Amino acid sequence: MSSTAVATSTDVKSSRAQLEKLVRLALDESKTAGATQAEASANLSQGISLTVRLGEVETVEHTRDKGLGVTVYVGRRSGSASTTDFSEQAVRETVLAACTIARFTAEDECAGLADPDRLASQFPDLDLYHAWQPGMDMLIERARAAEAAALSLDKRIGNSEGGSISSHEGIEVYGNSHGFLGRQAGTRHSLSVSVIAQDSSGMQRDYWYSSDRRADRLESPESVGRTAAGRALRRLSARKLGTRQCPVLFEAPVAASLLSHLVSAVRGGSLYRRASFLLDSLGQSVFAPWVRIHEQPYLPGATGSASFDAEGVATKARDLVRDGILQGYVLDSYSGRKLGLPTTGNAGGVHNLTLEANAGNLKDLCRQMGQGLLVTELIGFGINGVTGDYSRGAAGFWVENGEVVYPVEEITIAGNLPDMFRGFVAAGSDVDTRGNLRAGSILIDRMTVAGE
Amino acid sequence: MKDDTTARDRLALARRTLLEPANLGERELEQLFGRLMQGSVDYADLYFQYSRHEAWSLEEGIVKSGSHNIECGVGVRAVAAEKQGLAYSDEIALPALIEATGAARAIARQGGKAKTAAAWRQAETRSLYAPLDPVASLADDAKVRLLERIEREARAADPRVKQVMASLAAVHEQVLVARADGLLAADVRPLVRINVTVIAEANGRRETGTAGGGGRYDYSYFVDARGQARETALGYAREAVRQALVNLEADEAPAGSMTVVLGPGWPGILLHEAIGHGLEGDFNRKGTSAFAGRVGERVAARGVTVVDDGTLNDRRGSLNVDDEGTISQRTVLIEDGVLKGYMQDLMNARLMKVAPTGNGRRESYAHLPMPRMTNTYMLAGSHDPGEIIASVDRGLYAVNFGGGQVDITNGKFVFSASEAYLIENGKITRPVKGATLIGNGPDVLTRVSMIGNDLKLDSGVGTCGKEGQSVPVGVGQPTLRIDGLTVGGTRG
C-alpha cells in the first residue's frame, strides 16, 4: 500500500475568505434582484472514511462537499435556493431562482431575518477544530487493530462488518443583510467496529464507536473493538418475554432518544402548528420533580457547541426543564413570532442538551430497578408527536434482583411520552457525550412490554 | 419494453448535459480509465449526475416556502477484488477527474501495465418512463394553486380538520455511467410526489392522518391540461382526513402475540423489512444476513411468491437501467415459499459468481453503489379479503403504516401501524391506536395462512435508507393473514 496523503494539503479554514466572499456576493446579488432582506450560508467539508473487513481494506471513500444556500425575502414573501457550483454565474442564478420562488409564495407577516439586536457579537473560541493528517497507513492500521481486537476476544466472534475510521473537517460561513457575518469551523473523527457473534442459538450483531472533535481523545482501537465484541456476545441466546408491565431502564446510548422526543414536542414549529403533545406546557410540570435538562452551547470541544445559531442569533446557556417544570420552548425567530415569544437561539436545533444525573452508573441503576427490562437497542419509528403515543421495537436484558439474568429480543415497549416523562425515576452518571443530546441511562417507572 | 431509439436519445441528452460542457469525449474517458485500470484494479466506473430538485409547502392555508436545488458531480470508483475506492468531485472537469482517479485507485496495489480500453458500446436499457423535466412542466403559480386546492379539499371534508400541511416535490435527474469495460449507459429520471398531513381535533383530542403519492411522471399526474387538480391529488387530501378521523375514535392498541391481517398495498413494507433487506447480495456474500446460505430452502408458506421488480412503468422504484449500467429486471426472491435468490449489484454478483440483477443503486455520485431494492411485492393469492377477515376470531387488522426497520443479522424487524382495527369474531369492530409490530424475518412468512386476491402497489411515497444512503422504492402486497405477530400496544 502506498502512503497517499489523506486529505488535500490545504485545510478547509484556508477557504474562509472564499466562502465569505461568496456569501457577500449572494447578499449583494439579492439586493440587486430586489430582495428587501436576504441570508446566505456557504459551506465546505472534506475528509475520508475507510473500512477494513476481516483484516483487509474494503472501502476507502474520499469526501469533499460544498454548497451555497440563499433565502431571500421580498417584503413578507420568501424563497430559497441552493447550488454546489461556486461560480459567480451560478451564484447569480441561485439568487434569481430564490427570488422567482418568492414571487409565488404567500405574504407571511412573521417571515424575515432574526431581529438585529439578537444577533451574536461575541465569538469565543469553542475549541471545535482539530485537524488530523494521519496518512492512509495509520488509518488502516487503527481500523485493522480495532477489528482485530474484536475478532480475537472470543471464538464465537466469527464474522465482521468491519472496523471503520473516519476523519472530517468543515467550515461554514453565514451572513445576512443586517450585516451579520459569522463563521465556524469544526472537525469530527470517529472509530467504530461492528461484529457478529454466533453460536447454536444463531447470530447477533452489535457495534461500538468512539467519536470526538480531537483524534487524540478517541478511545483506543483495542477498547472500541473489545466493547463491540462484548456487546455482540452478550446478546447470544436471547429470548422473548411474556407480555407485561414493568420498569424500563434505557441504557445511555439509547436514552438520548428520549430527549429528542422532548425537543420535537417543544419546538416552535410543532407548537404553532399545534402538532405536539406538550402544547401550552410552559411553566407546567412535565417531568418528575427532580429533573433538570439544560442547554450548554459554550461547552469547549463538544459536538453541539456554537456561539450563534443558523440565523446568526446568539446562543445562550439555559435550563429547558428545572425541577421538572418546562422553563422555555425551542424557538427560532419565525416560530417565536408565531407564538409571540422571542427566539431562544435554536434555529437549527438545540446545543448540547444535557440531562443532569441523580444516580450512579448503570450497575447502580439496575440495582435500583430491582426487576425490570434493560433496553440496549431500539428499532423502528413508532412515535406519534401529536399524541405522544410511543411504541418501539426493543432488545436488551431481563433484570432480576438488580442483576442481568438473560438477553431478550423481539419485544416492543410502549407507553405515552407525557406519562413516561413524569415517570422518570433516575438518570445515571454514565452520560454519553458523543452526540448533541447528552444523557446517562434513564430509569422509567412503568411501560408495557409486549412479547409472547 | 426495450427501446433502442429512446435509449440512444437519453444517452445523447445526458452527454450534452454532463460531458460536452466539460469537453469530455471518448478520448478523455479512455485517458481516465487508463489511469484507473492499473495494478490490481479489475473494474472501474465513472458516474456523472445532474439533478434539479424543487419543493413547495403549504401550512396554515398559505404556501409559505419554496426551494430549488441544483446538484451536479461525478463519482470515480475503482474496484480490486473486494476493495472499493471512491472519490468524487462536484465539478465536472478533466483536472478534477484526474485528481479523483488518483484517490480512488489508492486502494489497489500499484504498478503493472495499464489494461487496454475496450470499444465503447451503448448499454441495453428499458423505456419505462418518459425523459421528463417535472420542474419545468407546470408554471409556479399553478403549483401554488394546486397546494391551495388540496388544502380546501381537506378542510371541506370535515369541520374537525384543524391543520393541513401539504407539500409538492419534483426531481429531474440525468445520470451517465461510463464503465471500464466500454459500456455507456444513461437514464433520465423524473420523480414527483405530494404529501398531505392533517390534524383533526374533537373533544380535546388531536390526531393526525397522512397520505400522498407520486411516481416517475411530471406534474400532469396531479394537474390536468386546464390546470385543474386531478382526482389523484384531491384523493390524498380526503384520505389523510379519513385516517385522522378514524384515529380520533381509536382506543388503546392491544399488546402481545396475535393473528394480524395486513391490508393490501403499503403494508407491503412488511416484505421490504422482513425479507427484502436480508436478501440483498452484500449481506449474503459476507454471511451477515439471517438468510445467508439458504437459497433453495423453504422460508415462507406455500403460495407465497415475492418479487423485486424494477421494470414497472412509471413506478417510484423503477429504473430503466441501474446505477452501474445493468438493465433493470424482475427478480423472483421467493417462489411458492422457497428462497430463489438474492438482489445483486456488479461487485457482489461477481464475488458470489452469479449474474447481476439490476439492483446496483447509489444515492448520488458521492456514494458507493450497493444492492438495493426497487419495487418489492408479493403476488396475489386466491382468497377474498372479506373471507380473510371473517376467518379471524380475535386479531388486529392493520391497513396503514409509517416506517419500518430491520436487523438483518438476527432477522428481527419492525413496522409501525398508523391505522388499525380490532377483529372480533370475524368482524372489524373498532379502531385502535397505532402500534409497532415486531417479528422475525426468516419465519414470519411461514406463518402466512391466507393470501388475498387483491394485490395492490403503494401510492408512491417510499424512501429506503441503508448505510446512510436514501433511494426511492415501491412496495405492494395483497391482503395477508399472519398467524402470530407481536403487536406493541399498551393494553396487555
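The values are calculated or read from the model by the stated rules, or taken from the named source; none is laboratory data. From a predicted model like this one, the values you see are computed outputs, not experimental measurements. A quick note on method: Cβ atoms are made from the backbone with ideal geometry, for glycine too, and the neighbour counts reach across all protein chains shown. Heads up: the accessible areas ignore ligands, DNA and RNA and are worked out on the full protein's heavy atoms, side chains in. Shrake-Rupley method; radii C 1.70, N 1.55, O 1.52, S 1.80 Å.
Scan region A:88-97 residue by residue and report those that are crowded, with 22+ Cβ neighbours inside 10 Å, hydrophobic (A, V, I, L, M, F, W, C) and more than 7 Å from chain B (Cβ to nearest Cβ).
Within region A:88-97, the first condition is being crowded, with 22+ Cβ neighbours inside 10 Å, and the residues that meet it are A:91, A:94-95, A:97.
Those still in the list that are hydrophobic (A, V, I, L, M, F, W, C) too: A:91, A:95, A:97.
Passing the criteria: A:V91, A:V95.
Among the residues of region A:298-323 satisfying the criterion of being free of Cβ contacts under 8 Å to residues at least 60 places away in the same chain and over 16 Å from the mean Cα position of the chain (by Cα), which is farthest from A:A288 (Cα to Cα)? So, considering only residues that are free of Cβ contacts under 8 Å to residues at least 60 places away in the same chain and over 16 Å from the mean Cα position of the chain (by Cα), the one farthest from A:A288 (Cα to Cα) is A:K316.
Given the criteria within 30 Å of A:T59 (Cα to Cα), modelled with pLDDT of 95 or more and touching a helix residue (DSSP H, G or I) at 6+ places or on another chain (Cβ under 8 Å), does A:A145 qualify? Show your work before the answer.
On the way: within 30 Å of A:T59 (Cα to Cα): yes; modelled with pLDDT of 95 or more: yes; touching a helix residue (DSSP H, G or I) at 6+ places or on another chain (Cβ under 8 Å): yes.
When the stated conditions are applied, A:A145 passes them.
Please go through (1) open to solvent by 30 Å² or more (accessible area, probe 1.4 Å); (2) basic (K, R); (3) more than 9 Å from every other protein chain (Cβ to nearest Cβ) for B:R109 and return the number of the only condition it doesn't satisfy. B:R109 satisfies every listed condition except (3). A search for C-beta distances below 8 Å between a residue of region B:10-32 that is under 13 Å from B:L46 (Cα atoms) and any residue that is acidic (D, E) and part of a loop (DSSP other than H, G, I, E, B), counting only pairs 6+ apart in sequence or on different chains, returns nothing. Residues that are open to solvent by 10 Å² or more (accessible area, probe 1.4 Å), free of Cβ contacts under 8 Å to residues at least 12 places away in the same chain and part of a loop (DSSP other than H, G, I, E, B) do not occur anywhere in region B:214-221.
Would you check which residues across region B:58-105 are part of a helix (DSSP H, G or I), free of Cβ contacts under 8 Å to residues at least 40 places away in the same chain and surrounded by fewer than 20 Cβ atoms within 10 Å (Cβ to Cβ) and list them? The answer is B:P95, B:A96, B:E99.
The set of residues in region A:263-297 being closer than 15 Å to A:E356 by Cα, among the aliphatic types (A, V, I, L, M) and out of contact with any Leu (no Cβ under 6 Å at 6 or more places or on another chain) consists of A:A288, A:V291.
Candidates are the residues of region B:150-173 that are within 28 Å of the chain's Cα centre (by Cα) and open to solvent by 10 Å² or more (accessible area, probe 1.4 Å); the one that is nearest to B:D345 (Cα to Cα) is B:E173. Can you tell me which residues in region B:419-445 are open to solvent by 10 Å² or more (accessible area, probe 1.4 Å) and at the interface with another protein chain (Cβ under 8 Å from one of its Cβ atoms)? Within region B:419-445, B:K433, B:G434, B:N440 qualify. Residues considered: A:G34, A:G112. Of these, the only one that is within 13 Å of chain B (Cβ to nearest Cβ), farther than 30 Å from B:R109 by Cβ and at pLDDT 95 or above is A:G112.
Where in region A:392-452 are there strands (runs of 3 or more DSSP E), lying fully within it, with 1 or more residues that are acidic (D, E)?
On the way: elements: A:403-416, A:424-427, A:442-450.
Because the criterion is at least 1 residues that are acidic (D, E), the strands (runs of 3 or more DSSP E) in region A:392-452 that meet it are A:403-416, A:442-450.
For A:Q245, state whether it is within 14 Å of chain B (Cβ to nearest Cβ), within 30 Å of B:S257 (Cβ to Cβ), open to solvent by 30 Å² or more (accessible area, probe 1.4 Å) and out of contact with any Asp or Glu (no Cβ under 7 Å at 6 or more places or on another chain). Yes; evaluated as a whole, the condition is true for this residue. Of all residues in region A:63-75, those that are open to solvent by 20 Å² or more (accessible area, probe 1.4 Å) and either within 28 Å of the chain's Cα centre (by Cα) or at the interface with chain B (Cβ under 10 Å from one of its Cβ atoms) (or both) total 6. Filtering B:R179, B:R189 for residues that are within 30 Å of B:L36 (Cα to Cα) and either out of contact with any helix residue (DSSP H, G or I) (no Cβ under 9 Å at 6 or more places or on another chain) or at pLDDT below 95 (or both) leaves a single hit, B:R189.
From the list A:A131, A:A106, which one is open to solvent by less than 80 Å² (accessible area, probe 1.4 Å), free of Cβ contacts under 8 Å to residues at least 40 places away in the same chain and in a loop (DSSP other than H, G, I, E, B)? Spell out the reasoning first.
Numbers: A:A131 fails: free of Cβ contacts under 8 Å to residues at least 40 places away in the same chain.
Step by step, each of A:A131, A:A106 is checked, and only A:A106 is open to solvent by less than 80 Å² (accessible area, probe 1.4 Å), free of Cβ contacts under 8 Å to residues at least 40 places away in the same chain and in a loop (DSSP other than H, G, I, E, B).
Exactly one residue among A:R239, A:R274, A:R231 is without any contact (Cβ under 8 Å) to a residue 12 or more places away in the chain, within 14 Å of another protein chain (Cβ to nearest Cβ) and either open to solvent by 30 Å² or more (accessible area, probe 1.4 Å) or not hydroxyl-bearing (S, T, Y) (or both), and that residue is A:R274.
Residues in region A:202-228 that are within 14 Å of another protein chain (Cβ to nearest Cβ) and either open to solvent by less than 50 Å² (accessible area, probe 1.4 Å) or free of Cβ contacts under 8 Å to residues at least 40 places away in the same chain (or both): A:G202, A:M203, A:Q204, A:D206, A:A228.
Among residues of region A:404-423 that are closer than 17 Å to B:L485 by Cβ, none has a Cβ under 9 angstrom from a residue that is open to solvent by 40 Å² or more (accessible area, probe 1.4 Å) and part of a helix (DSSP H, G or I) at a sequence gap of 6+ or on a separate chain. Residues in region B:397-418 that are more than 13 Å from B:L262 (Cβ to Cβ), more than 7 Å from every other protein chain (Cβ to nearest Cβ) and among the β-branched types (V, I, T): B:V406, B:I408. Away from chain A (no Cβ under 11 Å), open to solvent by 10 Å² or more (accessible area, probe 1.4 Å) and touching a residue at least 12 places away in the same chain (Cβ under 8 Å), is that true of B:A185? It is false that B:A185 is away from chain A (no Cβ under 11 Å), open to solvent by 10 Å² or more (accessible area, probe 1.4 Å) and touching a residue at least 12 places away in the same chain (Cβ under 8 Å). Among all residues of region B:115-122, there is at least one that is more than 10 Å from chain A (Cβ to nearest Cβ), part of a strand (DSSP E or B), touching a residue at least 60 places away in the same chain (Cβ under 8 Å) and under 30 Å from the mean Cα position of the chain (by Cα).
Please verify whether region A:7-21 includes one or more residues that are touching a helix residue (DSSP H, G or I) at 6+ places or on another chain (Cβ under 7 Å) and open to solvent by 10 Å² or more (accessible area, probe 1.4 Å). No, region A:7-21 contains no residue that is touching a helix residue (DSSP H, G or I) at 6+ places or on another chain (Cβ under 7 Å) and open to solvent by 10 Å² or more (accessible area, probe 1.4 Å). Considering (1) farther than 21 Å from A:E410 by Cα; (2) open to solvent by 10 Å² or more (accessible area, probe 1.4 Å), the lone condition that A:L259 does not fulfil carries the number (2). Restricting region A:418-430 to residues that are over 20 Å from A:D206 (Cα atoms) and touching a Leu at 6+ places or on another chain (Cβ under 8 Å), the residue that is nearest to the other protein chains (Cβ to nearest Cβ) is A:M420.
Open to solvent by less than 10 Å² (accessible area, probe 1.4 Å), at pLDDT 95 or above and over 22 Å from B:R189 (Cβ atoms): does that describe B:L333?
On the way: open to solvent by less than 10 Å² (accessible area, probe 1.4 Å): yes; at pLDDT 95 or above: yes; over 22 Å from B:R189 (Cβ atoms): yes.
Criteria met by B:L333.
Just one of the listed residues (A:V404, A:V375) is away from chain B (no Cβ under 11 Å), modelled with pLDDT of 95 or more and crowded, with 23+ Cβ neighbours inside 10 Å, namely A:V375.
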